[in-house]
Amino acid sequence: SAVLSLRDVHRDYRLGSETVHAVRGVSLDVGAGEWVAVVGPSGCGKSTLLHLLGAIDRPSSGIVRLRGEDVGALPDAQATAFRLRHVGFVFQRFYLMPTLSARENVELPMAEARVPKAERRDRARELLAYVGLGAREGHRPAQLSGGEQQRVAIARALANRPALLLADEPTGELDARTGQEIVALLGRLNADGTTIVVVTHDESLARAARRVVHMRDGVVERDEAAVST
Ligand code: ADP
Ligand code: ADP
């Protein structure tokens, strides 16, 4: 079953009298359980595409369906509610709340989704254990390494059991070895059934994905199953 389905999606940005065609006619289906890497040169539209996939942004034309819902057509408040329930985001920078503990950071999206407090705490602990941070739940972000902070961010992204995990350069701020730990964690998540779309320049991350979508100038140039190594 398709978690994501895009049909002839365009996204234009107006810059004064100029129009930038960031995404120019992308059609794409992502099924449940897939792990897709989107790669391509800087400026080819990868981040714009990821924002469209996660209903952070709307297409100028074309259709983005997330679990069958035409998310580009939803009013803002409904798009936000839909995103909160069905999509988890991980970014290059971790965007953790500095004054909150790891556990409290993971609880935030559950609080927004009105999950009862006791359940939030249990689930946050479970998720932190899953990403290997069971012993760090009381630490604040500044007391954690970059790789640990990214693992907290991944746990937070999974808080509301999203159908889809979207990641924008999740290893971009990490050294190679720490980046490999994040790649391994994404692999484990995918093996456990999470559908993942990741935008990246990191070749080892792209190689680990099961399908690679190559973009150039706002279009999909090539879409291929990754060569297994
Ligand atoms: P990538 O992620 O592959 O580097 P982006 O999706 O960030 O590419 O950008 C695609 C194109 O759209 C680029 O030409 C970029 O300058 C332009 N762009 C991205 N975001 C905006 C914006 N908010 N306003 C205007 N132009 C933008
Ligand atoms: P960059 O690629 O410039 O280092 P990041 O990877 O940190 O940026 O973030 C990617 C994009 O996601 C940026 O355009 C940023 O504005 C956007 N973004 C970051 N956090 C959020 C958020 N919580 N909700 C929506 N968009 C976000």
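Restricting to DSSP loop positions (anything but H, G, I, E, B) with no more than 15 other Cβ atoms inside 10 Å of their own Cβ, which chymotrypsin sites (Phe, Trp or Tyr not before Pro) remain in segment 1-109?
Working: sites: Tyr13, Trp35, Phe82, Phe89, Phe91, Phe94, Tyr95; in loops: Phe91, Phe94, Tyr95.
Answer in residue order: Tyr95.
For the chain, what is the percent of antiparallel DSSP beta bridges, rounded to the nearest 5? Working shown, then result.
Numbers: 24 of 41 bridges.
Close to 60 percent.
How much area per residue is accessible in segment 49-88 when the probe is 1.4 Å and only protein heavy atoms are counted (Å²)?
Counting only protein heavy atoms, the per-residue value for segment 49-88 is 45 Å².
Provide the packing ranking of 176-188, 44-56, 108-120, 208-220, i.e. peptides ordered by the mean count of other C-beta atoms within 10 Å per residue, highest first. Write out the running numbers ahead of the final one.
Working: 176-188: 16.7, 44-56: 22.7, 108-120: 14.2, 208-220: 18.5.
Per-residue Cβ counts within 10 Å, averaged per peptide and sorted highest first, yield 44-56, 208-220, 176-188, 108-120.
In angstroms, what radius of gyration and Dmax does segment 1-129 have, counting Cα atoms only?
17.0, 53
Compute the acute angle (0 to 90°) between the alpha-carbon long axis of helix 76-86 and the principal axis of greatest extent of the alpha-carbon atoms of the chain; round to the nearest 10°.
60
Using +1 on the beta carbon of Lys and Arg, -1 on that of Asp and Glu, and nothing else charged, what's the dipole of segment 138-196 about the Cα centre, debye to 20? Walk me through the intermediate numbers first.
Numbers: 6 positive and 7 negative charges, 54 e Å.
With Lys and Arg at +1 and Asp and Glu at -1, about 260 debye.
What are the ³J(HN,Hα) couplings of segment 47-64, residue after residue, when phi is run through the Karplus curve with 6.51, -1.76, 1.60 and θ = phi - 60°? Round to Hz, x for glycine and proline.
Taking θ as phi minus 60°, the curve returns 5, 4, 4, 4, 5, 5, 4, x, 6, 7, 10, 10, x, 6, 7, x, 10, 10 Hz for segment 47-64.
If you line up the long axis of helix 176-191 against the longest principal axis of the chain, both from Cα atoms, how many degrees apart are they, to the nearest 10?
The two axes meet at around 80 degrees.
Relative contact order for the chain using alpha-carbon pairs under 8 Å, separation at least 6, rounded to a whole percent?
On the way: 460 pairs, mean separation 64.4, N = 229.
Answer for the chain is 28 percent.
How much net charge surrounds Ala118 when only the other residues with a Cβ under 14 Å from the Cβ of Ala118 are counted, with Lys and Arg +1 and Asp and Glu -1?
Values: positive: Arg103, Arg114, Lys117, Arg120, Arg121, Arg123, Arg125; negative: Glu107, Glu119, Asp122, Glu126.
Taking every other residue near Ala118 into account, the sum is +3.
From the phi angles alone, apply the Karplus equation (6.51, -1.76, 1.60; θ = phi - 60°) to segment 130-137 and give each ³J(HN,Hα) in whole Hz, x where the residue is Gly or Pro.
Values per residue, Gly and Pro as x: 4, 8, x, 10, x, 8, 10, 4 Hz.
Residues with amide H under 5 Å of Phe91's amide H, sequence separation 5 or more or different chain, H placed in the peptide plane at 1.01 Å from N; which?
Here the answer is Asp168, since their amide H atoms fall under 5 Å of that of Phe91.
Pairs of Cα atoms under 8 Å, at least six residues apart: use those to get the relative contact order of segment 108-229, whole percent. Let's see the in-between values first.
Numbers: 116 pairs, mean separation 22.9, N = 122.
RCO, segment 108-229: 19 percent.
Tell me, how many Å apart are the Cα centres for segment 161-222 and for segment 1-23?
Comparing the Cα centres of segment 161-222 and segment 1-23, I get a distance of 21 Å.
If one takes the longest principal axis of the Cα atoms in the chain, at what angle in degrees, from 0 to 90 and to the nearest 10, does the Cα axis of helix 102-112 lie?
60
Using a 10 Å cut-off on Cβ atoms, rank the peptides 21-28, 160-167, 129-136 from the highest mean neighbour count down.
Numbers: 21-28: 19.0, 160-167: 20.5, 129-136: 16.4.
Put in order of decreasing packing, that is 160-167, 21-28, 129-136.
Based on alpha-carbon positions alone, could you give the equivalent ellipsoid semi-axes of the chain from the gyration tensor, as √(5λ), descending, whole Å?
Gyration-tensor ellipsoid for the chain: 29, 21, 16 Å.
How large a share of the accessible area of segment 72-202, in percent, is made up of carbon and sulfur atoms when the probe is 1.4 Å and the other protein chains stay in place?
Details: 3030 of 6080 Å².
Taking all protein chains in place, segment 72-202 shows 50 percent carbon and sulfur surface.
Rounded to the nearest 500, what is the 222 nm mean residue ellipticity of the chain from helices alone, with -39500 (n - 2.57) per DSSP H run of 4+ residues and division by all residues?
Dividing the helical sum by the residues of the chain leaves -10500 deg cm²/dmol.
Could you tell me the relative contact order of segment 131-196? Use alpha-carbon pairs under 8 Å, at least six residues apart, and round to a whole percent.
Working: 37 pairs, mean separation 23.6, N = 66.
Reported as a whole number, the value is 36 percent.
Rounded to the nearest 5, what % of the DSSP beta bridges within segment 124-229 are antiparallel ones? Walk me through the numbers on the way to the answer.
Values: 6 of 11 bridges.
Antiparallel bridges: around 55 percent, rounded to the nearest 5.
Using the charge dipole of the chain (Lys, Arg: +1 at Cβ; Asp, Glu: -1 at Cβ; taken about the Cα centre), state which of His139, Gly62, Gln149 has its Cα farthest towards the positive end.
So the residue furthest toward the plus end is His139.
The values are calculated or read from the model by the stated rules, or taken from the named source; none is laboratory data. Since this is a predicted model, take the numbers as computed values, not measurements. Here the Cβ is made from the backbone with ideal geometry for all residues, glycine too, and neighbour counts use every protein chain on show. What goes into the accessible areas is simple: the full protein's heavy atoms, side chains included, and nothing from ligands, DNA or RNA. Shrake-Rupley method; radii C 1.70, N 1.55, O 1.52, S 1.80 Å.
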